[in-house]
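To start, the structure itself, in structure tokens.
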Amino acid sequence: MSTDKTVADRLLEDARAKTAREESPTLGKIALIVGVLAVLVSPISILGWVFGAAALGLGVAAVRRPAAAQQAKIAMVLGVAAILVGVFFFTLNVAQG
């Protein structure tokens with residue numbers, strides 16, 4: 001007999017791996033870190049926009065995972081805030097000439 005795994009064993013391992021990925025809060029933590037960085041660099045308009053959009057995108061991707069939903073929501077709020085602050089400073093720089 002061969003030592004190959006049966007189809008049921010392989011399916012079970014795949015299901016466990018998928019569940020482990022979904023329960024991992026890593027994406028939420030990354031989104032939160034990028035959101036905080038976005039708010040910190042938002043006075044530099046273009047960096048605020050880029051990091052804010054990244055935080056928003058990562059937050060949307062992470063909110064689908066139950067383990068990271070709260071962190072993802074916070075990251076999305078920080079991303080939007082960073083974009084708004086970036087727009088404010090861009091408008092201020094344009095108005096000052």
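Nothing in this text is a laboratory measurement; each read-out follows from the coordinates by a stated rule. Computed from a predicted structure; not experimentally measured. Virtual Cβ from ideal backbone geometry, glycine too; neighbours counted across all protein chains shown.
The table that follows gives values for the structure above.
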item	result
Stretch gain in nm, segment residue 91-residue 47, where the contour uses 0.36 nm per residue and the Cα spacing is subtracted	14.4 nm
Percentage of interatomic Cα-Cα distances in the chain larger than 16 Å	60
Integer Hz, Karplus 6.51/-1.76/1.60 couplings in order for the range 82-96, x for Gly and Pro	5, 5, 5, 5, x, 5, 4, 5, 5, 5, 5, 5, 5, 5, 7
Angle in degrees between helix 45-62 and the longest Cα principal axis of the chain, rounded to the nearest 10	30
Low-density loop positions, trypsin sites (Lys or Arg not before Pro), the range 1-82 - DSSP coil, at most 13 other Cβ in 10 Å	5, 64
GNM flexibility winner over the chain from 58, 32, 84 (Cα, springs under 10 Å)	84
Spatially proximal lysines relative to residue 73 (Cα-Cα < 23 Å; intrachain offsets below 8 disregarded)	18, 29
